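Colleague: I have a structure I would like to understand better, so I am pasting it below and will then ask my questions one at a time.
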Amino acid sequence: MPKRRSHFIKKFLIFISFIGSIFLLSGCWDRWETNDIAIVTATAIDKKGDNQIELSLQIFIPKAFGMSSSPSGGAGGGAVKELTFVISQKGVNMADALSKLQAELPRKIFWGQCKVFIFGEKIAKEGIQDHLDFLLRHPQPRERAYMFVSKGKAKHILELQSRLERSSAETMRELVDLEIGLKVTLKDLNEMLTSEAQAAALPYLKTMTEKGKKKSFQFPKIFGSAVIKKDQMVGYISQRETRGILWIRDEIKSYTVTFEPEEKKGNISLNPVTAKVDLIPQINGVNWSMLVKIQTEGTVIQNNSSLDTSNLSNLKVVEKAFQDGIRKRVEFVIEKVQNELRADILGFAKEFHREYPKQWRKVENRWDEVFPKVKIKYDIKAHIRKEGYINKPMKFRIEEEKE
Amino acid sequence: MKWGNFLATAFIILIIILLQWPKMKQKPKKEKSAFIVLLLIGLFLSMFDLPYIGGPAKWIEYVFNPFGEILEK
Amino acid sequence: MKTVKISSLQMAMLMYPTIVATAILSVPNLTATYANQDLWISPIFASIIGFLTVFISVRLHKLYPEKTVIQFSEQIIGRIPGKILGLAFLFFYIQSTGGITRSYAEFIVSSFLFQTPIIVVIVSMVLLCAFAVYGGLEVLGRITQVLFPLFFVPLFLLIILLSPEYEFSNIFPILERGLLPPIKGAVVPGGWFSEFFITIFLLPFLADKKKGSKYGILTVFAVMITLVVVNLIVLFILGNTTSSKTYPLMNISRYISIADFFENLESVTMAIWILGTFVKISVFFYVVVLGTAQWLNIEDYRPLVWPIGILIVEFSFWAVPSSMAFIHYEITAFPFYSVTIQTIIPLFLLGIAFFRNKNRNRNKKKETNSVYK
């Protein structure tokens, strides 16, 4: 009899513990349903007043997405329904502003999908590291999110509409993915700012206006890059100069080079261009120099010049011009970076550190002084490998016909 | 002293005893007493606010501090 | 207890996650603090401790083939000192188990289950491990045999999937400040490698004893390679920021992006980590329970699983108020503590045992000689 009783107690206890585990198995503390979260698609950080910042979030509206995808939904007025909305709050820092924002939203803010962070120009000039601390410390924001600096208020960029993509954030992300300009992720920025050079370049956004018949349309555009030194924005380089930086960093992808052969009228364009770039640091006593070695190849895509590239001697002239064209681009930007901005966004410091660790340690603390004095040598080899589907320039053909 | 912790531990210990004791009936006395003593140690420790009182980790850190300092240099 | 047998392959599969699971998560950051871009060299130095520990443990095992360190230390240095030493071992292992459980829970709570009380994470894990340990060593061995591919393959995949992001030149300059920084960096993983002393608790239960030392050495080697590779990929991706991250492997697994949709794979890291820690905690738990039973001369260790489980939960909280304090402990005290208990003391034991046996053998020889005379 007592044995049976203990058996019953045992069964009862097992039952209790199974019931108890139901509470644990559901993981109820961290239950996050998709309809309980507000998905942030882009974030903008602006300066507001003296010591405050304004944090703006672009939040995805799932309801609108469902409606716009079904044909019967938004067909009424013909107007495209917006898929995102923007809310903003000010605070002493990001975390503070965020907590205020959370109070306004019925759903929990979720950063996991936020792939775009934009700093307003004003706050970038003041310093971004305080905000980076939040982004790197908080477990949700992704290291792969892209970083930007915008001209004027960053919030304004978030409020723009997009025609092709779901939101302006998506537009910017796709723009960067094309790798026409710089591509800087949160991880890259963190790495660059803590690296030897302590300088970084971020894509610089501007709002463009396209005047249409009925109403004008505004859209964001990457317009060169903002140069950041230590953690402050110190200057701006144009899109053309940014290309030069891409050349030096060996990040050039699917890019058209147009140049003018000497004393010949017209231009020649090459696309695609592939390049291999090596930075070779050299130290000769007290003279520090950097050899920029570029090997590049291209295919003719348009020939408006009076040179027939199928003629091999002409080809040499064209290749020479190609070479000079690249050299000009690169020289131009190095000159500006070294003397005007004095920020080593080209990664020279890293190269010197890797090649000459001992000498590097002597100048480590005064790299700012050394960097502008580094002499640049060039070794550029440019070749044209293919001329496309036609040989002689179209111009020639027409002239020949006339004769 | 945190009563919540103590009571929760006491409850868990009660369950453990109820489940395990029937299996231990045949076992020698030594085993039973070891079982009970270990449970009592657990109950005793649960009476303290453990994260904030100096415990083993503190003692060990104290003992091995000189080595740690060599590393920091 | 004689009936419990595991194969030496199972022992290797138990030991590998036991060392690697916690090491891959925090070692890259701890070594980078001292060794910077040379962090990948540190595990090679640290593995020397691993090889030494396995050597000691195999040697001790050959002298006392049926016994664990708790039992034979009484034979080597006498009953009372042996008991005291046994208590030190038990204290070390129970406290380490608490520490591992805590660091596991800290990681889960700070990366995934933000609102879950840490006690729930700890208790559920300890409960799970308690069941595994209650089942015995054979059960543990078979569980790891099943789990091992699930632990190893994702880790391997992670390394492959990250390859487009590698920045190989981050490795330069190699040995910028000489050998000292990587050696300093080796101290912390050295603590992990000395955990190979746990093999002493597994060797007596091997079915194929001859292969024991071979597999032991092989496991040390595998752990070393894994740590070198993990440190390298962390370096290739995070570069100079490695030392500033709390969980570098976490950051890099989030960085995977294949074809724009295969992203956000941190849950893979979490899965690896949970599997690995489960094995690790179970092994440590088993060692504590078995050791306690042997220390008290109790035949059946199973009833002790539950009270010791409670103690492990309590030890995981004791005197560690925050994750920062825990990391500080992990750097400044744990490696030395671990090496002292698991490598240096056994080395002394081996030395004493060796001389004693020599004497005994001489006496024995005399005896046998006299018999045959």
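Colleague: Scan the stretch A:230-255 residue by residue and report those that are open to solvent by 10 Å² or more (accessible area, probe 1.4 Å), under 15 Å from A:Lys183 (Cα atoms) and of a type in the set (Ser, Thr, Tyr).
Modeller: A:Ser254, A:Tyr255
Colleague: Quick one: would you say A:Val318 is at pLDDT below 85 and crowded, with 21+ Cβ neighbours inside 10 Å? Before you say what the answer is, go through the steps one by one.
Modeller: Values: at pLDDT below 85: yes; crowded, with 21+ Cβ neighbours inside 10 Å: yes.
Yes; evaluated as a whole, the condition is true for this residue.
Colleague: When only residues in the stretch A:283-292 that are farther than 19 Å from A:Arg329 by Cβ and touching a residue at least 40 places away in the same chain (Cβ under 8 Å) count, which is least open to solvent (accessible area, probe 1.4 Å)?
Modeller: Per the criteria, the residue is A:Ser289.
Colleague: Looking only at residues that are open to solvent by 40 Å² or more (accessible area, probe 1.4 Å) and part of a helix (DSSP H, G or I) in the stretch C:292-309, which one is nearest to the other protein chains (Cβ to nearest Cβ)?
Modeller: Taking the stretch C:292-309 as the starting set, the residues that turn out to be open to solvent by 40 Å² or more (accessible area, probe 1.4 Å) are C:295-297, C:299, C:302, C:306.
In the following step, the residues that additionally are part of a helix (DSSP H, G or I) were identified as C:295, C:302, C:306.
Details: C:Trp295: 10, C:Arg302: 8, C:Trp306: 4 Å.
Across the stretch C:292-309, the extreme among qualifying residues is C:Trp306.
Colleague: A further question on this structure: Which numbered condition in (1) assigned to a helix (DSSP H, G or I); (2) closer than 18 Å to C:Val288 by Cβ is the only one that C:Asn36 fails?
Modeller: Condition (2) is where C:Asn36 drops out.
Colleague: I'd like to verify a number: residues in the stretch A:241-285 that are touching a strand residue (DSSP E or B) at 6+ places or on another chain (Cβ under 8 Å) and basic (Lys, Arg), how many?
Modeller: Residues that pass the stated criteria total 2.
Colleague: Would you list the helices (runs of 4 or more DSSP H) that sit entirely within the stretch A:321-403 and hold 3 or more residues that are of a type in the set (Lys, Arg) and assigned by TED's automatic domain parsing to the domain that holds A:Thr299?
Modeller: Output list reads A:357-363, A:394-402.
Colleague: Can you find a residue in the stretch B:28-48 that is of a type outside the set (Ser, Thr, Tyr), more than 9 Å from chain C (Cβ to nearest Cβ) and surrounded by 13 or more Cβ atoms within 10 Å (Cβ to Cβ)?
Modeller: yes
Colleague: Considering only the stretch C:56-90, state which residues are among the aromatic types (Phe, Trp, Tyr), part of a helix (DSSP H, G or I) and more than 16 Å from the chain's Cα centre (by Cα). Before you say what the answer is, go through the steps one by one.
Modeller: Of the stretch C:56-90, the ones among the aromatic types (Phe, Trp, Tyr) are C:64, C:72, C:89.
Cutting the leftovers down to part of a helix (DSSP H, G or I) gives us C:72, C:89.
Correct list: C:Phe72 only.
Colleague: Which residue out of C:Ile312, C:Ile344 is farther than 15 Å from C:Phe284 by Cβ and either more than 10 Å from chain B (Cβ to nearest Cβ) or crowded, with 23+ Cβ neighbours inside 10 Å (or both)?
Modeller: It is C:Ile344.
Colleague: List the helices (runs of 4 or more DSSP H) inside the stretch A:167-262, counting only whole elements, that have at least 1 residues being aromatic (Phe, Trp, Tyr) and either under 27 Å from A:Glu126 (Cα atoms) or at pLDDT below 85 (or both).
Modeller: Correct list: A:239-249.
Colleague: Of the conditions (1) open to solvent by less than 10 Å² (accessible area, probe 1.4 Å); (2) polar (S, T, N, Q); (3) more than 25 Å from A:Gly152 (Cα to Cα), A:Thr258 fails just one. Which one is it?
Modeller: All conditions are met except number (1).
Colleague: Now a separate question. Does A:Lys377 satisfy the criteria of being open to solvent by 30 Å² or more (accessible area, probe 1.4 Å), out of contact with any His (no Cβ under 8 Å at 6 or more places or on another chain), more than 23 Å from A:Thr256 (Cα to Cα) and at pLDDT 85 or above?
Modeller: yes
Colleague: Against the definition (within 25 Å of C:Val188 (Cα to Cα), surrounded by fewer than 14 Cβ atoms within 10 Å (Cβ to Cβ) and charged (D, E, K, R)), how does B:Glu69 come out, yes or no?
Modeller: Numbers: within 25 Å of C:Val188 (Cα to Cα): yes; surrounded by fewer than 14 Cβ atoms within 10 Å (Cβ to Cβ): yes; charged (D, E, K, R): yes.
So B:Glu69 passes the test.
Colleague: Follow-up. So, in the stretch C:283-325, how many residues would count as being more than 19 Å from B:Lys32 (Cβ to Cβ), at pLDDT 80 or above and of a type in the set (Phe, Trp, Tyr)?
Modeller: Residues in the stretch C:283-325 being more than 19 Å from B:Lys32 (Cβ to Cβ), at pLDDT 80 or above and of a type in the set (Phe, Trp, Tyr): 5 in total.
Colleague: Quick one: in the stretch A:110-152, of everything that is open to solvent by 10 Å² or more (accessible area, probe 1.4 Å) and under 17 Å from A:Phe85 (Cβ atoms), which residue is farthest from the other protein chains (Cβ to nearest Cβ)?
Modeller: Restricting to residues being open to solvent by 10 Å² or more (accessible area, probe 1.4 Å) and under 17 Å from A:Phe85 (Cβ atoms), the top hit is A:Phe110.
Colleague: What number of residues within the stretch C:149-173 are assigned to a loop (DSSP other than H, G, I, E, B) and open to solvent by 80 Å² or more (accessible area, probe 1.4 Å)?
Modeller: 2
Colleague: For residues that are open to solvent by less than 40 Å² (accessible area, probe 1.4 Å), in contact with a Gly (Cβ under 8 Å, 6 or more places away or on another chain) and touching a residue at least 60 places away in the same chain (Cβ under 8 Å), tally how many sit in the stretch C:111-128.
Modeller: 1
Colleague: Sticking with this structure for a sec: Which condition from (1) within 12 Å of chain A (Cβ to nearest Cβ); (2) over 19 Å from the mean Cα position of the chain (by Cα) is the one that C:Ile159 breaks?
Modeller: Exception for C:Ile159: condition (1).
Colleague: Same structure, new question: Quick one: which residue in C:Val4, C:Val27 is out of contact with any strand residue (DSSP E or B) (no Cβ under 9 Å at 6 or more places or on another chain), part of a helix (DSSP H, G or I) and under 24 Å from C:Phe201 (Cβ atoms)? Outline the logic, then answer.
Modeller: Details: C:Val4 fails: part of a helix (DSSP H, G or I).
After ruling out the rest, the residue left standing is C:Val27.
Colleague: While we're here: Is it the case that A:Leu307 is within 28 Å of A:Ala226 (Cβ to Cβ), modelled with pLDDT under 85 and either not aromatic (Phe, Trp, Tyr) or not assigned by TED's automatic domain parsing to the domain that holds A:Met394 (or both)?
Modeller: no
Colleague: Would a scan of the stretch C:316-325 turn up a residue that is out of contact with any helix residue (DSSP H, G or I) (no Cβ under 7 Å at 6 or more places or on another chain), more than 7 Å from every other protein chain (Cβ to nearest Cβ) and assigned to a helix (DSSP H, G or I)?
Modeller: Yes, because at least one residue in the stretch C:316-325 is out of contact with any helix residue (DSSP H, G or I) (no Cβ under 7 Å at 6 or more places or on another chain), more than 7 Å from every other protein chain (Cβ to nearest Cβ) and assigned to a helix (DSSP H, G or I).
Colleague: Residue pairs, Cβ under 8 Å, 6 or more apart or interchain, first in the stretch C:164-185 and farther than 19 Å from C:Leu30 by Cβ and more than 10 Å from chain A (Cβ to nearest Cβ), second open to solvent by less than 40 Å² (accessible area, probe 1.4 Å) and assigned to a helix (DSSP H, G or I). List them.
Modeller: Listed by first residue and then by second, the contacts come to C:Tyr166/C:Ile233; C:Tyr166/C:Phe236; C:Tyr166/C:Ile237; C:Phe168/C:Phe236.
Colleague: If you don't mind, another one. Quick one: which of C:Ile237, C:Ile225, C:Ile258 is more than 23 Å from C:Gly190 (Cα to Cα) and open to solvent by 20 Å² or more (accessible area, probe 1.4 Å)?
Modeller: Residue meeting the stated conditions: C:Ile258.
Colleague: Please tell me if A:Gln295 is buried (at least 16 other Cβ atoms within 10 Å of the Cβ) and not hydroxyl-bearing (Ser, Thr, Tyr).
Modeller: Against the criterion (buried (at least 16 other Cβ atoms within 10 Å of the Cβ) and not hydroxyl-bearing (Ser, Thr, Tyr)), A:Gln295 does not qualify.
The values are calculated or read from the model by the stated rules, or taken from the named source; none is laboratory data. Note that the structure is a prediction, hence the values are computed from the model and not measured. FYI the Cβ positions are ideal-geometry reconstructions off the backbone, even for glycines, and counts take in every protein chain you see. With ligands, DNA and RNA removed, areas are computed over all heavy atoms of the protein, side chains included. Shrake-Rupley method; radii C 1.70, N 1.55, O 1.52, S 1.80 Å.
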